[in-house]
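Notes to accompany the following structure.
Computed from the coordinates by the stated procedures, all read-outs in this text should not be read as laboratory data. Since the model is a prediction, treat every value here as computed from it, not as a measurement. Note that we place each Cβ from the backbone using ideal geometry, even for glycine, and neighbour counts take in every protein chain shown.
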Amino acid sequence: MPMATAVWLVENTTLTFKQIADFCNMHEVEIQGIADGEVAKGIKAYNPIISGQLSRDEIELSSKDENRPLQIKNTDIKISSDNEQKIKKYVPLSKRQDKPDSALWLIKNHNILKDSQIARLVSITKNTVTSIRNKSYWNYNNLNPKDPVALNLFSQKDLGEALAKAERRVKREKKEKDKQLKINSN
C-alpha cells in the first residue's frame, strides 16, 4: 500500500522525494526509482485523497513549503450507539455457508455461550446450533471454523456483550450451586 500511494504522489503532485518518502515510510532512493520508472513497475497507483489519508489542501500546503511534512488526516471511527436498532441485512448465497462455520468457531472458542446466544449472533436457528454442537449437522464434516467478526456477520462489540452476559450467567449458576451444596450439607 505505501508503494502504491508513493506512485500516485509521484505522478500527481509536486511534492519532494523526501516528503513522499517520509509520508510513505520509504527511502528517498526508492521514490527516485519510482519517478525514473525503475521501481514499482506494474503497481497501480493508490489515491490517498479518495481513501481519506490526505486532503488536497494538505498536499497543496506541503507542495508550497518543501520543509513541511505531509500530515495524515485524523479519522475517527464511529462507534454505533446503543439506541440504533439492528437492521437485518441480506446475506448473499455465497456467504450463507459462513453461518454454520461461524457457529462452529463460536462453539469451539467460546463454549460458555448458550446455543440461543450463538443462534442470535449468527442469525441461524437454535436447532442448527444444537446439531453442530452435537456433531449431527448434515454437513458437519465439511465445516471449517471461521471467525464471524472477521466475516462481518456481527461486530466485536456484539460478541463482547454476549460473552459478558454468558459470564454473568455462569457466575450466577455457580453461586446457586454452591448455595444448594451448603443447604444439602447441613
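Report every pair of residues separated by at least 6 positions or lying on different chains whose Cβ atoms are under 6 Å apart, first residue within segment 148-168 and closer than 16 Å to residue 109 by Cα, second loosely packed, with under 15 Cβ neighbours inside 10 Å.
149/156; 166/112
For segment 52-62, check the following and say yes or no: at least one residue is of a type outside the set (Gly, Ala, Ser) and under 27 Å from the mean Cα position of the chain (by Cα). Spell out how you get there, then give the answer.
The first filter runs over segment 52-62 and keeps only residues of a type outside the set (Gly, Ala, Ser), leaving 53-54, 56-61.
With the extra rule that they be under 27 Å from the mean Cα position of the chain (by Cα), the set shrinks to 53-54.
Checked segment 52-62: at least one residue is of a type outside the set (Gly, Ala, Ser) and under 27 Å from the mean Cα position of the chain (by Cα).
Quickly run through segment 151-186 and pick out the residues that are out of contact with any helix residue (DSSP H, G or I) (no Cβ under 7 Å at 6 or more places or on another chain) and not in a helix (DSSP H, G or I).
Result: 152, 155, 186.
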